[in-house]
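Enquirer: Before I ask anything, here is the structure I am working with.
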Amino acid sequence: MSAPAPPIRVRHWRELPLDAGGRSLVEASAGTGKTWTIGVLYLRLLLESSPALRVEQIVVTTFTDAAAQELRERLRTRLTTTAAAAAAAPPAVGAPSGAMSKGIAAEAAPTGEQKADDVAWLHARWADEPTRREDLRRLRLALADFDRAPIGTLHGVCRRILAEHPLEGGGDFEPGAPTSGEALLDELARDAWRVLHQGDGDDGDPFEAAGIARPSLHQFTRTLREVLRPGVRIDADGELLDDLRADTPADFAGRVHALLADRALFQSRKTALANALRGFADFLCGDDAALKDSAPEHLRRFDVADQIAPARQQAFIAEPLIVELRARFARYEAALCRPRLRFWKAQQEQAERWRGERLAARGQTTFDEMVRQAHAAIVARPLLADALFADWPVALVDEFQDTDALQYGILDRVYREADGSKRGRLVMIGDPKQAIYGFRGGDPLAYRRARSHADHALTLATNHRSSRACVDAVNAFFEHAGPALGRSPGCDIVVEPVLASGRADATPLTIDGVAVTRPLVLHHQTDDPGSAPARRRAALTACARQIATMLADGRHALGGVPLAPGDIAVLLPRNSDIVALRALLQARGVPCVGGARDSVFAGDWAFELHVVLQALLADDDDGALRAAMLTGLWGAGIAEVAALDQDAAAWQAAAERRRELRATWQRRGVLAVVMQLAEAAAGRLLAGPSGERDLTDLRHLGELLQQHAAEVAGPRELLAWFAAQRDGDGGDDDAADERQLRIESDARRVQLLTLHKSKGLEFPIVFLPLSWAHEAQRASPPWLVAHDDEPGRRLSYAPDDHARACRDGQDERFRTLYVALTRAVHACHVYTLPPDRPANARAKSPKVDPDRSPLDAMVQTLLTVERARLPCIEWRDGWPRDEARLAADPSLTAPRRARVLPPPPPPRMRLSFSALVGAARAGVEEAPADDEALAAEVIVATAMPAPDAIAPDPLAPAAEEPHPALLALAGSRGTAFGNALHAVFEDRAFDRPLREQAGMIAGALAKAGVAATMPLPELAARLGERLDGALAAELAPGLRLGEVPATAQRAEMSFHFPLDDVRVDALRAACARHGEPDLLPPLSLSRLRGLMTGAIDLVFEHADRWYVLDYKGNWLGERLSDYQGAALRATMDHAHYRLQALVYTVALRRLLRQRLPGFDPARHLGGYVYLFVRAAGLAPGAGVFAERFEDALVAAVDAAFAARVEEPA
């Protein structure tokens, strides 16, 4: 099978095909504007697609929830600014208008010629006025629907697939709540370990039976975690060692011995290979002792050049018996591994079964489980892939280099027809040079397969992050050290030189006022400090010295502003390195903060809080109380605790404090205890350099404990969970978000992060003091390996796969070095050691590939390059030794005063019209006729006349007689009757009169629970006649509802729009400015926050005008005059129906403005009609209240609801 053709390269984002039937690839480098490109491609999809795409049809994914939220807001901003530019007056032919340029400036490409690139593209489109109007319509529609846009993580997409297609996904109708997969894996590992150690003694040791050296619980848990990751395969089928021996001919060993008896085959005194061949043949024929320990290695290497006589080597290799023996050795090695693979296969199947059962029982799921279930459902049910493609014909997938085989399998199947042809448009955006999450399942081979499926590719080659000098230095580093990010054979991930936009040059890094021209500084220490720990200590100490000196000497500045701690980041391989460097920096007065994902459970305060909380529950444990008192949180000294035995009063006081804290826990919860302890310790803590951080950590721990307390049975279970979190490693990335350390002043401190956590971030100055130590970690089998010809990863014990796993690990460390070197905006300081140094203090030789660090490998090459050829790179001999101490920052050490908390904002509510005027509780869904209760008071007021009005006036005109049609339905009133009327109008057949649909009417009456004074069939007949009359009533000259075709009507049109702190007085003022001062009644709220929602009974179109209509079944009286003229208007005003009509008109105006090309309120808005069906059609104008609000009033109220400046009508 021939290799697929490489994708066609395009030079510009405007040239990248986005139409259906293909796949596009966007390959970025660090800082090249990937997110901006996603935004402009998203805009192209909305504006250029034919037929038009809705935002609900474009799925956009990225790697983390935080990145997804940021991306969503970036896309919303781009749509908003572009819509504002499109709404401006169309520019004259020539340069883009000022409004357009300013409107898009926030999201325009960062610098240089690209700064106006998208503006110029839009300007060219909008030179055609119809195109501009159509673009504006699409943009407004996109913004209106943007909250429904599927923008999130791939895990979120999988969760949505399972939620919206539960039958196909094989899950519940409501997916479980996401939980930490790592915590569940630990639980499964402990249970599996217990089963293995409590099994039937007659079965023997299960590890020994499988040929596995007995692991520790930690090692067992690590391996079980690996085999349970998505896409991991265990090929356990095949022959065992006994099968291989049984298949070996009885004379096999004899024939091998006869062949090897020819001494002329071998070089002088070379017997190792011959002995290995004889021993293996004898072993196959039943002699267990014949195979020596060294034999497999000789057979594996098969070094004929060293062992076989030169003239006989080719013939020896081709000898059929030798070919057969080598084939049997390959089978032997596979058979030797098979019991171990079967062991782990059984553990995998058992743990997967337990996991499914426990997640189902707990109503939970994990992020990996979502991917597994979604992939299985899509592969097994092609119709599900078709349904997903119908929903999402386009996908933009960011950080594609971090996808795994299952995730790509989902995307590949959705965007591929059953016959294998491509469909829709899949746009893959990523940077393979930043694929550094293999330990989480990220698979570079999945990216390579996806890249081979792309039809077109765009390379982003301009760095907008770093200064020109910094870009040039990194380019030179990889040019001379080697562009390949790996040492594996055929490594195809290479660093290509990129251009620099120069954006960062506006705020240059200067030393003594002179701009830095060699921003990549290699601090080369030729004197080896000795042991590995001594090397780490020396590098971290030198780094702390250099940072303190740079901040204290006043020579360094960024854009003329003195260098501040917040301008510096240090990237380190391990969390323990962060802890060590933090102490060194704090000792020199440098404010610093650990990495953004440093778990709060890993800190010292988590340990101390755990000790104190345990003491609170241990009434009879004096030792626990003494331990708690010795913590910094309690605050007692050693001498004070030692004196307790002689001081009964002090002991009683300590016990009383424990009792009070325990009572607080029982009454108010664990958070109250933590806050009480923190308040008592605040004076001591704030006296230290990390006091603010310590108090923040304590409050954060209290909040997490309080949150989890609702999920466990009691305090002891809570402490067990606390202990598990302290022992854990932070869990899933998404689940660990809430556990990260946090503090408001972090931005003003030196940032300390691990290398992996720095991905996606940028810092003015970066230090890499320990990248030389980023070496291979010692690992025991089995290994997970990926192969080019198969998706996913495979568990293996094979020696060849061990070598592959080691090479893959080093390749990923090369990519991690690239990530670290490209975080800097202005300068990067890298500490190096001689690459040929001994591996450790006891070793005599250095580490080599693939065990050594990538930095060592690259420095070894750089040391052979003349320094004159590296003008952008500065070499400094030795690590910094100058000491300095930074003066305290007054803003960080000033006396702290608690700020007054702001008043709580008004609650967010779901408001309908009835809730707005106080007739219904906010948040409760209304029935269609609930608002008719608002008119009840006026009916009660007119039903019983005043005493002085009982006697008729003899001079008054004769009283109006009751109307028979009104009396015929007088016994049917109330909300239930109104709801039945709405159902009849919504469900009626348009092709025949309602009097012929009595069965449907009777069903609606019964379903609504109407308490009738006559049999329902009779009531249904009367009501049908009356409603036919209402449909024939004239609503406006030449307009009758019964004559409006069904295609021009939309019943029960729901709407909702946000209320973002809308001021009620602004609404009232808007009404008053346009002649309606009494339209808005007094309200109990002064501000509205939440959602305005409702359902308009009917929206219909007549003569190119759109109308709002509301059916009313209100009983207003028995005379026609009660439904006409002033009486009808009084009912409308009393029930605030005109306000309801205004809200409905605003909703209709917003809809038409978004969806109707060339919308003009004066031409397209027809007004509103309230149809009181009891009287409509009985006389001209009876039961019909029709009106049209002034366009200026509607526009003003619309602007007030949107909390914006009033716009022209």
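Every number in this text was worked out from the coordinates using simple rules, so none of it is lab data. Predicted model, so just to flag it, every value in this text is computed and none were measured. In this analysis, Cβ positions are derived from the backbone assuming ideal geometry, glycine residues included, and neighbour counts consider all displayed protein chains.
Enquirer: Let me check against my output: what whole-number percent is the relative contact order of segment 600-729, with C-alpha pairs under 8 Å and at least 6 apart?
Expert: Relative contact order of segment 600-729: 27 percent.
Enquirer: Which residues in segment 1168-1206 have a backbone N closer than 20 Å to a point placed 7 Å from the Cα of residue 1152 along the Cα-to-Cβ line?
Expert: 1168-1171, 1185-1202
Enquirer: Taking the C-alpha atoms of segment 197-365, how large are the radius of gyration and the largest Cα-Cα span, Dmax, in Å?
Expert: 21.6, 73
Enquirer: Then there is this: What pairs in 34/433; 433/844; 422/757; 270/292; 345/422 have C-alpha atoms more than 25 Å from each other?
Expert: Violating the 25 Å limit, Cα to Cα: 433/844; 422/757; 345/422.
Enquirer: Here's something else I'd like to know. Which residues' amide hydrogens lie under 5 Å from the amide hydrogen of residue 462, considering only partners 5 or more residues apart or on another chain, with H built in the peptide plane?
Expert: 499
Enquirer: Enumerate by residue number the trypsin sites (Lys or Arg not before Pro) in segment 481-558 meeting two conditions: DSSP loop (anything except H, G, I, E, B), and at most 14 other Cβ atoms within 10 Å of the site's Cβ.
Expert: 555
Enquirer: Another question, then. Quick query: amide H of residue 1059 versus all other amide H atoms, modeled in the peptide plane; which residues come in under 5 Å with a sequence gap of 5 or more or a different chain?
Expert: Hits under the 5 Å cutoff: 1090, 1091, 1092.
Enquirer: Given the chain, what percent of its DSSP beta bridges are antiparallel, to the nearest 5?
Expert: For the chain, the DSSP antiparallel bridge percentage is about 35.
Enquirer: Give the calculated FRET efficiency between residue 198 and residue 376 to the nearest 0.05, with a Förster radius of 30 Å applied to their Cβ-Cβ distance.
Expert: According to the calculation, E is roughly 0.40.
Enquirer: Provide the per-residue ³J(HN,Hα) series for segment 553-563, in order, calculated from phi with Karplus coefficients 6.51, -1.76, 1.60 and θ = phi - 60°, each as a whole number of Hz, with x at glycine and proline positions.
Expert: Working through the residues one at a time gives 7, x, 8, 9, 8, 10, x, x, 9, x, 4 Hz.
Enquirer: So, one more: Stokes-Einstein diffusion coefficient for the chain at 4 °C in a medium of 1.567 mPa s, Rh from the Kirkwood formula over Cα pairs: what value in µm²/s? Before the final figure, lay out each step's value.
Expert: Numbers: Rh = 36.9 Å.
In µm²/s, the coefficient rounds to 35.
Enquirer: What FRET efficiency, computed as 1/(1 + (r/R0)^6) with R0 = 25 Å and r the Cβ-Cβ distance, is obtained for residue 147 and residue 167, rounded to the nearest 0.05?
Expert: Details: r = 27 Å, r/R0 = 1.09.
Once rounded, the FRET efficiency stands at 0.40.
Enquirer: Say R0 is 45 Å: what FRET efficiency, to the nearest 0.05, do residue 1105 and residue 667 get from their beta-carbon distance?
Expert: 0.10
Enquirer: At 7 Å along Cα-to-Cβ for each site, give me the label-to-label distance between residue 790 and residue 583 in nm.
Expert: 4.7 nm
Enquirer: Follow-up question, since we're still on this one. With a cut-off of 20 Å, note down the residues of segment 1134-1156 whose backbone N falls inside the zone around a label point 7 Å from the Cα of residue 1047 toward its beta carbon.
Expert: What the label zone holds, given the 20 Å backbone N cut-off, is 1156.
Enquirer: If you don't mind, another one. For the chain, what does the relative contact order come out to in percent, with C-alpha contacts under 8 Å and a separation of six or more? Write down the numbers at each step before the final one.
Expert: Details: 1910 pairs, mean separation 144.3, N = 1209.
Relative CO of the chain lands at 12 percent.
Enquirer: For residue 258 and residue 687 in the same chain, what is the full-extension length gain: residue separation times 0.36 nm, less their Cα-Cα distance, in nm?
Expert: 145.9 nm
Enquirer: Let me ask another. Can you work out the PRE-style zone for residue 177? Point 7 Å along Cα to Cβ, and I want the residues of segment 355-380 with backbone N under 19 Å.
Expert: Of the residues in segment 355-380, 356-370 have backbone N under 19 Å from the label point off residue 177.
Enquirer: Using the Karplus curve 6.51 cos²θ - 1.76 cosθ + 1.60 with θ = phi - 60°, work out ³J(HN,Hα) for each residue of segment 682-687 in order, rounded to whole Hz, and write x for Gly and Pro.
Expert: 4, x, 5, 5, 5, 6
Enquirer: For the peptides 671-677, 558-564, what is the packing order when you average, over each peptide's residues, the other Cβ atoms within 10 Å and list the highest mean first?
Expert: By packing density, highest mean first, the sequence is 671-677, 558-564.
Enquirer: Would you work out the relative contact order for segment 197-365, in percent, from Cα pairs under 8 angstrom that are 6 or more residues apart?
Expert: Reported relative contact order: 32 percent.
Enquirer: While we're on this one: Summing -39500 (n - 2.57) over the DSSP H runs of n ≥ 4 in the chain and dividing by its residue number, what mean residue ellipticity at 222 nm do you reach, to the nearest 500 deg cm²/dmol?
Expert: After summing the helix terms and dividing by residue count, I get -14000 deg cm²/dmol.
Enquirer: Right, another one. Can you list the HN-Hα couplings for segment 979-987, worked out from phi with the Karplus curve (6.51, -1.76, 1.60; θ = phi - 60°), rounded to whole Hz and with x for Gly and Pro?
Expert: Karplus values, whole Hz, x for Gly and Pro: 5, 5, 4, 4, 5, 5, 5, 6, 9.
Enquirer: Follow-up question, since we're still on this one. What residues have an amide H closer than 5 Å to that of residue 1102, excluding those fewer than 5 places away on the same chain, when H is modeled at 1.01 Å from N in the peptide plane?
Expert: Long-range HN contacts for residue 1102: 1107.
Enquirer: Under a plain spin-label model, where a point goes 7 Å from the Cα along Cα-to-Cβ, how far apart in nm are residue 561 and residue 318?
Expert: In this crude spin-label approximation the distance works out to 7.6 nm.
Enquirer: Roughly how many nanometres apart are two label points built 7 Å out from the Cα toward the Cβ at residue 330 and residue 19?
Expert: Reported label-point gap for residue 330 and residue 19 is 4.9 nm.
Enquirer: Moving on. So between residue 125 and residue 908, what do we pick up on full extension, going 0.36 nm a residue minus the alpha carbon distance?
Expert: 277.8 nm
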